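The structure under discussion appears below in the form of structure tokens.
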Amino acid sequence: MAAPKVRIAPNNPVFDLPVIVGIEERLFEKAGLDVSFTATYDDRERDHAGTAVFQRLKEEMFECGSADSYNVCEWASIDRLERGKRGGKLAALRAAVAAQAIVTFDDRLQTPRDMAGVPVVVQELTGSHYTTIQMLESAVGAAHVKIEHGGLPFFRWKGLKDRTYRAVTVMEPFISLALKEGAHIIASAFYRGGEVVAPDLTPEQRKAYYDAENAAVDLINADFYKYAHHVTASAKGALEPHELLKAFVRYKHVDYYDPTRFSQAYDWMKERGLTEGQSQHGNLVVG
């Protein structure tokens, strides 16, 4: 009997690393699953600042049924499930616990309070966007947080390096690369994301998948630099694997997205007009 297929739409490699390792080390295969990515990371680079959310690669693939799962930040997972047409559920908090950091080369910008009215380039309605609001709002007030929409992390970094942008928010490997190139961090925040899954994945398949992913987390934590090259690949040769700092990403077993945490995130989104507020925990989250 053929192993059940689970097709994954790619996110940034730093977030996908447990899946990459699970495939590479045949952990999913040992769990009785045929897991593969439905596109390459190069394919993701067709996304740009003007690409509508549901035309971005991972969301588009999930919506059209060519992918069974993808991960995205906690707030965006709520947003996508509420606005998407296919259905699905948030099955777990993802294994990647990563930082977004506001970085700059501008010596006039040193602390969050220096950022009042200063544009920060993010990708709209992704972790870089939501965490930037969280990092700056209490420091300068919501009215003085200035967000500008850019593309994927590499292009935000490129715009910062050529001084098109004064400040950008990025995750690894671009935090390590920015520091290597002489930029500095204004603020950073760790966050997790959600694992969005198709409605037709059975509980048994989800359990097998996450058991294998957790085993991949254990391998990463035992030898981080064995797998760091997957993360630094998106820097296109500008950062060697051994130059990737361990301070801005870590991995842990996936967790259940409980009602209390969901409500905290959902209430925050409602207060800022980032959701119409029509959903309950049970509508969006696997029980």
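The values are calculated or read from the model by the stated rules, or taken from the named source; none is laboratory data. Every value quoted in this text rests on a predicted model; they were computed, and no experiment measured them. Here the Cβ is made from the backbone with ideal geometry for all residues, glycine too, and neighbour counts use every protein chain on show. The protein model used for the area step is the full one, side chains on, heavy atoms only, and it has no ligands, DNA or RNA in it. Shrake-Rupley method; radii C 1.70, N 1.55, O 1.52, S 1.80 Å.
Look through GLU240, GLU195, GLU204, GLU172 and report the one residue that is acidic (Asp, Glu), without any contact (Cβ under 8 Å) to a residue 60 or more places away in the chain and in contact with a Ser or Thr (Cβ under 9 Å, 6 or more places away or on another chain).
One residue alone meets the criteria, GLU240.
Check whether at least one residue in the range 192-206 is of a type outside the set (Val, Ile, Thr) and at positive phi, and report yes or no.
no
Suppose we filter the range 155-207 for residues that are part of a helix (DSSP H, G or I) and either among the β-branched types (Val, Ile, Thr) or closer than 25 Å to LEU244 by Cβ (or both); how many remain? Walk me through how you get there before you give the answer.
Our first condition is that a residue be part of a helix (DSSP H, G or I); within the range 155-207, this holds for 155-161, 174-180, 203-207.
Then keep just the ones that are either among the β-branched types (Val, Ile, Thr) or closer than 25 Å to LEU244 by Cβ (or both); that gives 155-161, 174-180.
The qualifying residues number 14.
Within the range 134-153, is there a residue that is open to solvent by 20 Å² or more (accessible area, probe 1.4 Å), in contact (Cβ under 8 Å) with a residue 40 or more places away in the chain and either at positive phi or among the acidic types (Asp, Glu) (or both)?
Among the residues of the range 134-153, not one is open to solvent by 20 Å² or more (accessible area, probe 1.4 Å), in contact (Cβ under 8 Å) with a residue 40 or more places away in the chain and either at positive phi or among the acidic types (Asp, Glu) (or both), which makes the answer no.
For the range 74-87, how many residues meet the condition of being at pLDDT below 95 and part of a helix (DSSP H, G or I)?
The qualifying residues number 1.
Consider PRO199 against the criteria (1) within 29 Å of VAL145 (Cβ to Cβ); (2) surrounded by fewer than 18 Cβ atoms within 10 Å (Cβ to Cβ); (3) in contact with a Gly (Cβ under 9 Å, 6 or more places away or on another chain): it satisfies all of them except one. Which criterion is unmet?
Among (1) within 29 Å of VAL145 (Cβ to Cβ); (2) surrounded by fewer than 18 Cβ atoms within 10 Å (Cβ to Cβ); (3) in contact with a Gly (Cβ under 9 Å, 6 or more places away or on another chain), PRO199 violates only (1).
Please specify each residue of the range 220-239 satisfying the condition of being among the hydroxyl-bearing types (Ser, Thr, Tyr) and either farther than 19 Å from VAL19 by Cα or surrounded by 15 or more Cβ atoms within 10 Å (Cβ to Cβ) (or both).
Taking the range 220-239 and keeping what is among the hydroxyl-bearing types (Ser, Thr, Tyr), we get 225, 227, 232, 234.
Hits for the range 220-239 are TYR227, THR232, SER234.
Output yes when any residue across the range 105-119 is farther than 30 Å from ASN221 by Cα, in contact with a strand residue (DSSP E or B) (Cβ under 6 Å, 6 or more places away or on another chain), touching a residue at least 12 places away in the same chain (Cβ under 8 Å) and assigned to a strand (DSSP E or B), and no when none is.
Yes, the range 105-119 contains a residue that is farther than 30 Å from ASN221 by Cα, in contact with a strand residue (DSSP E or B) (Cβ under 6 Å, 6 or more places away or on another chain), touching a residue at least 12 places away in the same chain (Cβ under 8 Å) and assigned to a strand (DSSP E or B).
Enumerate the strands (runs of 3 or more DSSP E) found wholly within the range 1-73, keeping only those where 1 or more residues are touching a residue at least 12 places away in the same chain (Cβ under 8 Å) and surrounded by fewer than 16 Cβ atoms within 10 Å (Cβ to Cβ).
Answer list for the range 1-73: 5-8, 34-37.
Considering the range 253-287 alone, what residues qualify as being acidic (Asp, Glu) and part of a helix (DSSP H, G or I)?
Result: ASP267, GLU271.
Please state which of the following conditions THR164 fails to meet, knowing it meets all the rest: (1) in contact with a Lys or Arg (Cβ under 6 Å, 6 or more places away or on another chain); (2) surrounded by fewer than 16 Cβ atoms within 10 Å (Cβ to Cβ).
If we test THR164 against (1) in contact with a Lys or Arg (Cβ under 6 Å, 6 or more places away or on another chain); (2) surrounded by fewer than 16 Cβ atoms within 10 Å (Cβ to Cβ), just (1) comes out false.
Would you point out the residue of the range 240-282, among those that are of a type in the set (Gly, Ala, Ser) and open to solvent by less than 30 Å² (accessible area, probe 1.4 Å), that is nearest to CYS73 (Cα to Cα)? First the steps, then the outcome.
Within the range 240-282, the subset of a type in the set (Gly, Ala, Ser) is 247, 263, 265, 273, 277, 279, 282.
Filter once more, keeping what is open to solvent by less than 30 Å² (accessible area, probe 1.4 Å): 265, 277, 279.
Values: ALA265: 11, GLY277: 18, SER279: 18 Å.
Across the range 240-282, the extreme among qualifying residues is ALA265.
Check the range 94-102 and report whether any residue there is charged (D, E, K, R), crowded, with 21+ Cβ neighbours inside 10 Å, more than 15 Å from the chain's Cα centre (by Cα) and assigned to a loop (DSSP other than H, G, I, E, B).
No: the range 94-102 contains no residue that is charged (D, E, K, R), crowded, with 21+ Cβ neighbours inside 10 Å, more than 15 Å from the chain's Cα centre (by Cα) and assigned to a loop (DSSP other than H, G, I, E, B).
Is it fair to say THR131 is under 30 Å from GLU60 (Cβ atoms) and crowded, with 23+ Cβ neighbours inside 10 Å?
Values: under 30 Å from GLU60 (Cβ atoms): yes; crowded, with 23+ Cβ neighbours inside 10 Å: yes.
For THR131, the condition - under 30 Å from GLU60 (Cβ atoms) and crowded, with 23+ Cβ neighbours inside 10 Å - is met.
Hey, among the residues in the range 74-86 that are of a type outside the set (Asp, Glu) and touching a residue at least 60 places away in the same chain (Cβ under 8 Å), which one's most open to solvent (accessible area, probe 1.4 Å)?
Taking the candidates together, the pick is ARG86.
Can you spot a residue in the range 147-154 that is in a helix (DSSP H, G or I) and over 19 Å from the mean Cα position of the chain (by Cα)?
In the first step, residues of the range 147-154 are kept if they are in a helix (DSSP H, G or I); the result is 153-154.
If we keep only those that are over 19 Å from the mean Cα position of the chain (by Cα) too, we end up with none.
Checking the range 147-154: not a single residue is in a helix (DSSP H, G or I) and over 19 Å from the mean Cα position of the chain (by Cα).
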